[in-house]
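Down below is the structure, laid out as structure tokens.
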Amino acid sequence: MTTYFLDTSALIKRYITEQGSPGIVNLCDPAQQNILYISQAARVEVVSTICRRAREKSITLDERNELIQKFREDSQKGYNTWTVTTEIYDAAGELCRSHALRAYDAIQLACALAVRTFAQKAKAPEPIFVCADNNLLNIAVAEALHIENPNKY
């Protein structure tokens, strides 16, 4: 059992088949008993990505609806969702001052750092930040997070 924080670039691989999908599907398998955290922002980003894929015709409208439903079901029972609070927004803003980050990436990283702090206070294992964006992974390393790139599984 391992604790992970899944950035949307990794999480989407559970729903849309692409490079790294098999590893993410395995990591998210309940039989693995992993502890999975996502940001509240991922609830928008995943749906947005699935809808974009339908608009681009890489998936059908029926597939879009099924994938969104599956994600919502998984969100209810399989993920620990980290709430985006005022403190998270402030921390994300500070991360933008230190690093070249897009807004949602800063929010994701701020949430992952908050989960790490939570784990440290609870004397629990620190989360591994799982992300398919090399720039964001490099910044996560600079912030002393443990990382995995699902594209390397």
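Each value in this text was obtained by applying a stated rule to the coordinates, not by laboratory testing. Remember, predicted model here, so these are calculated numbers, not experimental data. Using ideal geometry, Cβ is built from the backbone for each residue, glycine included, and neighbour counts are taken over all protein chains shown.
Restricting attention to segment 116-136, the residues that are in a helix (DSSP H, G or I) and closer than 18 Å to Y104 by Cα add up to 3.
Set side by side, the residues A103, A112, A92 differ, and just one is closer than 17 Å to S9 by Cα and surrounded by 20 or more Cβ atoms within 10 Å (Cβ to Cβ), which is A112. Would segment 94-108 turn up any residue that is within 13 Å of the chain's Cα centre (by Cα) and basic (K, R)? No, because not a single residue in segment 94-108 is within 13 Å of the chain's Cα centre (by Cα) and basic (K, R). Residues that are touching a Leu at 6+ places or on another chain (Cβ under 7 Å) and of a type in the set (V, I, T) were ranked within segment 17-55; the one that is farthest from D133 (Cα to Cα) is I50.
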